[in-house]
Amino acid sequence: MGDRLIGVDVGGTKVSVAVLEDGVLSEPVLRPTVLSSSDALVDQLVEAVEDAGAADAVGIGVPSVIDFATGTARSSVNVPLQGVPLRQLLSDRVGIPAFVDNDATVAALAEAHDDDLNLIARSLVMITVGTGVGGGIVIDGRTYRGATGAASELGHIIVAADLTVGAPPRAERPPHHASLEYLAAGRALDRLGEAYGLRDGTAVVKAARNGNRDARECLRILGERLGVGIANVVNIFDPELVVIGGGVSLAGELLLATAKESAARFIIPGVGTQTRIELARYGPEAGVRGAALLAGQELEGKGLPVQAEITKES
């Protein structure tokens, strides 16, 4: 892949932009996400792409349910993009091919490859825990998008059945209060932190690293909930690898250890015997790296992994 590719990761709080060239990802440039209107956000993305310089294509990951063929968000909760034909708008305004997909889907694509763009896992499920909870799935080395391109909304797995009793069939506005996103996303950690007298989720993680018992209890609760979601995806997909990414994953083993213990209680015996549960290797860069990989694959018209051979990890 000798093209110069721009990757854009749009989050509920920040937009990250980087360039992938000759297999090397530039240092991402971060901007606060403009949430005032759809037009203002599109203007911001156009400016961000133009600032990154000339390129052959741009890939965009957004926290939305995406119609991949048109690059339009069917549903978008955390950013004002619902119904916006983002692929067409960006292609027209920046003058290069643009490709749009779910942010967690492109992050999963990045995590399935190593630094040299070799495929390292044919079956992978990624759960991103940030402002919301997203999911990305790689099956047989390919991104799985489902029948309409809207697959892997793992944040909306129901993980607290008692909260669904007497509830309407569909929440008026997602996420449902019994869903993984409502109970385990960054906003859930904010709420837990406030209940323990801590400012927000960022303060919780910092205090937990310093040994604060209340902060560690917040991460334990969040980890228990996340573990239920992990068990669900392992029971369904039996993947080689489950990776946990997103901003909340910066808590590291303070979150992951509890999540693994929780997952082990709900994974069916005999399932997931070869599944590894790990933190995302690329951390906050997974989304922007995966977005650039998406652009390269689609530009080449493959829709396939960059490298067909599995490279064993050392």
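Bear in mind that the values in this text are calculations on the coordinates, not laboratory data. From a predicted model like this one, the values you see are computed outputs, not experimental measurements. For neighbour counting, all protein chains shown are included, and Cβ atoms are generated from backbone atoms with ideal geometry for every residue, glycine included.
Need one number: % antiparallel among DSSP beta bridges in the chain, to the nearest 5. Bridges in the chain that DSSP calls antiparallel: roughly 55 percent. Could you work out the relative contact order of the range 63-204? I mean the mean sequence separation of Cα pairs under 8 Å and 6+ apart, divided by the number of residues, in percent. Averaging sequence separation for qualifying contacts and normalising by length gives 16 percent for the range 63-204. Quick one: grab the alpha carbon gyration tensor of the range 41-162, order the square roots of its eigenvalues as a ≥ b ≥ c, and give me rounded if a/c is under 1.5, else prolate or oblate depending on whether a/b is larger than b/c. Oblate shape, in that a/c is at least 1.5 and b/c is the bigger or equal ratio.
Here the alpha carbons of the range 115-281 define both size measures, Rg and Dmax, at 16.0, 51 Å. Across the range 1-154, Cα pairs under 8 Å and at least six residues apart give a relative contact order of 19 percent. Sorted fewest first by neighbouring Cβ atoms within 10 angstrom, I127, I96, I157 come out as I96, I157, I127. Choose one of V24, A251, I221: the residue whose Cα lies farthest towards the positive end of the charge dipole of the chain (beta-carbon charges +1 Lys, Arg; -1 Asp, Glu; about the Cα centre). My answer, from the dipole projection, is I221. Here is how the number arises for the chain: DSSP H runs of 4 or more residues each give -39500 (n - 2.57), the sum is divided by the residue count, and the result at 222 nm is -11000 deg cm²/dmol.
Each part gets one Cα centre, and for the range 216-254 versus the range 52-95 those centres are 28 Å apart.
As a rough guide to protection, the peptides 105-113, 7-15 ranked by mean Cβ packing within 10 Å, highest first, stand as 105-113, 7-15. Three principal axis extents of the chain based on alpha-carbon atoms, in descending order, are 51, 45, 42 Å. Its relative contact order, with pairs defined as Cα atoms under 8 Å and 6+ residues apart, puts the range 115-281 at 23 percent. A simple charge model with +1 on the Cβ of Lys and Arg, -1 on the Cβ of Asp and Glu and nothing else charged puts the dipole of the chain at about 1020 debye relative to its Cα centre.
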